Each structure stands twice: as C-alpha cells, then as structure tokens.
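Student: Before anything else, here's the structure in question.
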Amino acid sequence: FKYNTDAFLGNYLEDFDIITTPAKKTYETLKNKGYNAKFVTQFTNPNKFNYSFNEELKTDLLFVGSTWYERESVKYALELGYNVDVYGLNWKGKIDDKFIKGEYIDNNELHKYYSSAKIVLSDHAEDLEGIGLVINRLYDVSAIGVMVISEYNPYIEEIFGDSIPMFKNKEELGYLIDFYLNNPIEREKKAKKAQEITLKKHTNKVIANEFIKLFKDIRKDKQWKKNMFLLL
C-alpha cells in the first residue's frame, strides 16, 4: 500500500469548498497548491475507550495490530527479552507462538485489553509517517489513561508533546520500557498528561463541533460552489 497525495491533486478537487485531512503533510501540500484545506486530527470516543481493567488480561506490554510490514516495536521488545502480548493477523511463524494471544479483538472489547496493560506499544507504516498521520491507536489508548510508547514520529510530538515517549532504535525502546515499568508513578504521570490532551482536543464531540463550524462557514460564504465537503 502506497499513500500518494499527488494522486488526489487535480481538477477533481476544484469541485469542493473545503478539503479536510488528518494528515499534516497532505494538508500542507494542499494549502501550498491553493486549495481551501483544513487540518483536523483523528479522534476517539471516550465513551467507548474508557478504563475497564480485567485481571485475566493483565500484562506488562501489549501490542494490537497485524504485521503486513515489520513491526519494530514488537521486534525490538522481543529481541531485548521482554514478553509482549500480541494480537493480530499474520504473526504466525514470525514470532514465537507463546507471544501470539489471538488474531482478533472485537472493537467493543478493545478498551478492556488496553486498560489491562501497563504499556501499549505502537508503531506505524513509513507511508503514514510520510504524510504526517498520527494513528488512531494513540488517541484510543491515551483516552483510557494508559501509557503508549511509540516509534518516533515528529507529528506525534506536535499533538502530544512529551506525554507519549518515542524511540528511534532498539536501545531507546529498551530504556523506555525498563524505566516506565519500574517507575509506575512516572508512567502514570505521562499517561495522565496524554489523556488530558486527548479528552480536551481529540474526542468525537470536539471534532464534530469543528466540522459543524466548517459547514457554517461554508453557508456564510455566498460564493460556495455546491456546498461540497471532502475528507482525505
């Protein structure tokens, strides 16, 4: 899969009054080409992603995601000797079976798994970082109040500051895991800070209000074309 912003850039976009995207680089590209683009982040539903600890799901490290490309967070953690509970497709034969806990988690149950982990590991496809996209997992986990450690992505820092620790290599990941597993107070501080950011700025209600404002702005403009709205 290759996300190519240029594939969307053409006369087709001229038909829309507003184009929104959660990908920061895509937004910047559209703005530079003269389109009426707005940057609106991805978001979470805190009524769904709320804290719900389950003793049977308790784990130090959790990763939820399939492995259609190399998942460095899992790869590095296992190479360093940590145990990671892994859920997702295509892991068979790539890691020891003892770490594979399942292929699928119902989205309505996912919050229980996140809630029962001390740390959730996260990474992202290179293409997604290339367009400046911060994946939904970070909003979902942080809304619950659980720590996320992510592969480095500068756009995460723009949104979450230092509340989501990030790694660039195996050694950095090892340091972060070791430090935060052994310092629960510091872990909780980071998780709480990320949670506050998410609940204040990145919930379904907050983003819905942003869209409502955009629609109202279109209505006010007598030059609107077809009152059309495109989400990339």
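Student: Confirm whether Thr41 is surrounded by 14 or more Cβ atoms within 10 Å (Cβ to Cβ), of a type in the set (Val, Ile, Thr), part of a loop (DSSP other than H, G, I, E, B) and touching a strand residue (DSSP E or B) at 6+ places or on another chain (Cβ under 9 Å). Spell out the reasoning first.
Tutor: Details: surrounded by 14 or more Cβ atoms within 10 Å (Cβ to Cβ): yes; of a type in the set (Val, Ile, Thr): yes; part of a loop (DSSP other than H, G, I, E, B): yes; touching a strand residue (DSSP E or B) at 6+ places or on another chain (Cβ under 9 Å): no.
No.
Student: Considering only region 174-186, I want to know if a residue exists there that is within 13 Å of the chain's Cα centre (by Cα) and either farther than 20 Å from Arg71 by Cα or open to solvent by less than 40 Å² (accessible area, probe 1.4 Å) (or both). First the steps, then the outcome.
Tutor: Narrowing region 174-186 to residues within 13 Å of the chain's Cα centre (by Cα): none.
Scanning region 174-186 turns up no residue that is within 13 Å of the chain's Cα centre (by Cα) and either farther than 20 Å from Arg71 by Cα or open to solvent by less than 40 Å² (accessible area, probe 1.4 Å) (or both).
Student: Scan Glu210, Glu129, Glu109 and give me the residue that is open to solvent by 10 Å² or more (accessible area, probe 1.4 Å) and modelled with pLDDT of 95 or more. Lay out the reasoning, then the answer.
Tutor: Details: Glu210 fails: modelled with pLDDT of 95 or more; Glu129 fails: modelled with pLDDT of 95 or more.
Only one candidate passes the filter, namely Glu109.
Student: Also, I was wondering about something else. Within region 173-180, is there a residue that is closer than 24 Å to Thr26 by Cα and not basic (Lys, Arg)?
Tutor: Kept after step one, since they are closer than 24 Å to Thr26 by Cα, are these residues of region 173-180: none.
The answer is no; no qualifying residue exists.
Student: Let me ask something else. Could you check, for region 165-180, whether at least one of its residues is under 25 Å from Asn108 (Cα atoms) and free of Cβ contacts under 8 Å to residues at least 40 places away in the same chain? Before the answer, list the steps.
Tutor: Kept after step one, since they are under 25 Å from Asn108 (Cα atoms), are these residues of region 165-180: none.
No, that holds for no residue.
Student: Identify, please: which residue in region 30-51 is touching a residue at least 12 places away in the same chain (Cβ under 8 Å) and more than 23 Å from Phe160 (Cα to Cα) and is, among those, nearest to the chain's Cα centre (by Cα)?
Tutor: Our first condition is that a residue be touching a residue at least 12 places away in the same chain (Cβ under 8 Å); within region 30-51, this holds for 30, 33, 35-46, 48-51.
Remaining after also requiring more than 23 Å from Phe160 (Cα to Cα): 30, 33, 35-36.
Numbers: Leu30: 22, Lys33: 27, Tyr35: 26, Asn36: 25 Å.
Ranking the candidates gives Leu30 first.
Student: For Phe53, all conditions in the list (1) open to solvent by 70 Å² or more (accessible area, probe 1.4 Å); (2) assigned to a helix (DSSP H, G or I) hold save one; what is the number of the exception?
Tutor: (2)
Student: So which residues in region 155-213 are over 26 Å from Gly130 (Cα atoms) and assigned to a loop (DSSP other than H, G, I, E, B), if there are any at all?
Tutor: Asn182, Asn183
The values are calculated or read from the model by the stated rules, or taken from the named source; none is laboratory data. Only a predicted model underlies this, so the values are computations on that prediction, with no experimental measurement involved. Cβ sites come from the backbone with ideal geometry, for glycine too, and all protein chains shown count toward neighbours. Ligands, DNA and RNA are stripped out before the accessible areas are found, and what is left, the full protein with its side chains, is counted by its heavy atoms. Shrake-Rupley method; radii C 1.70, N 1.55, O 1.52, S 1.80 Å.
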